[in-house]
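This report concerns only the one structure given below.
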Amino acid sequence: MDDNAEQETTKLIDDCMHRIREHVDTVQIFITLHGDDGKETLTYDVGSGNFYARQGQVEEWVRIQRVYQKQYAKSKSE
């Protein structure tokens, strides 16, 4: 991704975060995209609002996803 495209993407993400934030208490956005070479994965994250609320929400999401993953794996093995 060239510098211009990266700046445009960053602005888009920041604009979206600010628009959402007008309506809610916290926002946390995680973005992944492929690099120009197709081998590299680029990541970007931005958040607004109470840091600890955002951190707790992410931790809860990870916990729930692990439960779903175990249930899915169990259902496939039966």
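Rule-based calculations on the coordinates, nothing more; no lab input. Here the structure is a predicted model, which means the values were calculated and not measured. Don't worry about glycine lacking a Cβ; one is built from the backbone with ideal geometry, like all the others, and counts go over all protein chains shown.
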All positions within the range 1-35 that are aliphatic (A, V, I, L, M), surrounded by 12 or more Cβ atoms within 10 Å (Cβ to Cβ) and assigned to a loop (DSSP other than H, G, I, E, B): MET1
Among the numbered criteria (1) loosely packed, with under 10 Cβ neighbours inside 10 Å; (2) under 18 Å from ILE13 (Cβ atoms), which single criterion is violated by SER75? (2)
List every residue pair whose Cβ atoms lie under 8 Å apart, where the two residues are 6 or more positions apart in sequence or sit on different chains, the first residue falls within the range 55-67 and is among the aliphatic types (A, V, I, L, M), and the second residue, located anywhere, is not in a helix (DSSP H, G or I). VAL58/GLN28
Find the residue count for the range 36-56, including only residues that are surrounded by 10 or more Cβ atoms within 10 Å (Cβ to Cβ) and over 17 Å from the mean Cα position of the chain (by Cα). 2
